[in-house]
Amino acid sequence: MPIDASLPYDEGNILARVLRGELPSKTVLETEHSLAIHDINPLAPIHVLVIPKGAYVSWDDFSARASEAEIVDFVRAVGEVGRRTGASAQGYRLLANIGKRGRQEIAHLHVHLFGGAPLGPMLAR
């Protein structure tokens with residue numbers, strides 16, 4: 001069920017639990033402020049979630065409250081994941097779902113990086 005991105009951060013969300021080491025994950029990259037993991041339900045041959053380590057619900061929340069260091073680290077982590085997975089050489093798609101209309105399901109900002117195959121149109125009409 002999509003969430004309201006304006007709600008307070010939920011410390012019990014699945015990505016917060018991954019960040020605390022309570023749930024297993026397959027790491028692609030870890031930096032001071034970011035973690036990139038393989039999606040447990042991949043929708044493409046390359047499907048990685050890039051997650052800021054801070055308690056941010058959405059892109060709006062992150063862009064308003066994160067430090068410059070966190071923002072720079074996160075943006076660079078996304079690019080590095082593209083290179084490490086080989087997606088950069090082929091082309092890839094980034095997706096961040098925000099709020100109910102954006103179909104955000106986990107109340108922790110994360111960016112999906114999809115690649116490794118033709119991805120089709122952006123949105124179905």
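What follows draws every value from the coordinates through simple rules; no lab data is involved. In this text the structure is predicted, and so the values were computed from the model without any measurement. Glycine gets a Cβ as well: all are built from the backbone with ideal geometry, and neighbour counts include every protein chain shown.
Summary of values
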{"item": "The chain: calculated mean residue ellipticity at 222 nm from DSSP helix runs of at least 4, using -39500 (n - 2.57)", "result": "-8000 deg cm²/dmol"}
{"item": "Net charge dipole size for the chain [Lys, Arg +1 and Asp, Glu -1 on Cβ; Debye, nearest 20]", "result": "500"}
{"item": "Where a label projected 7 Å from the Cα of Tyr9 along Cα→Cβ would reach, residues of the stretch 80-122 with amide N under 19 Å", "result": "97-99, 104-112"}
{"item": "Pair Leu123, Asn41: separation of 7 Å Cα→Cβ label points (nm)", "result": "2.2"}
{"item": "Highest-MSF residue in the chain out of Leu15, Leu43, Leu35 [GNM, Cα springs under 10 Å]", "result": "Leu43"}
{"item": "Per-residue Cβ neighbour rank within 10 angstrom, fewest leading, Val50, Val18", "result": "Val18, Val50"}
{"item": "Net +/- balance of residues flanking His112 in space, Cβ distance below 9 Å, scoring K and R +1, D and E -1", "result": "0"}
{"item": "Neighbour net charge for Ile71 - beta-carbon separation under 14 angstrom, K R +1, D E -1", "result": "-3"}
{"item": "Burial ordering of Asp73, Asp4, fewest other beta-carbon atoms within 10 Å first", "result": "Asp4, Asp73"}
{"item": "Hydrodynamic radius (Kirkwood) for the stretch 8-125, which is based on Cα pairs only, to one decimal in Å", "result": "14.6"}
{"item": "Most fluctuating residue given options Leu29, Leu49, Leu95, as computed from a GNM of the chain linking Cα atoms under 10 Å", "result": "Leu95"}
{"item": "Total formal charge among the other residues, if their Cβ is under 12 angstrom from that of Gly82, Lys/Arg +1 and Asp/Glu -1", "result": "+3"}
{"item": "DSSP loop GluC sites (Glu not before Pro) with at most 14 other Cβ within 10 Å excluded, longest remaining stretch of the chain", "result": "33-104"}
{"item": "Exposure proxy order (Cβ contacts within 10 Å, fewest to most) of Arg93, Arg20", "result": "Arg20, Arg93"}
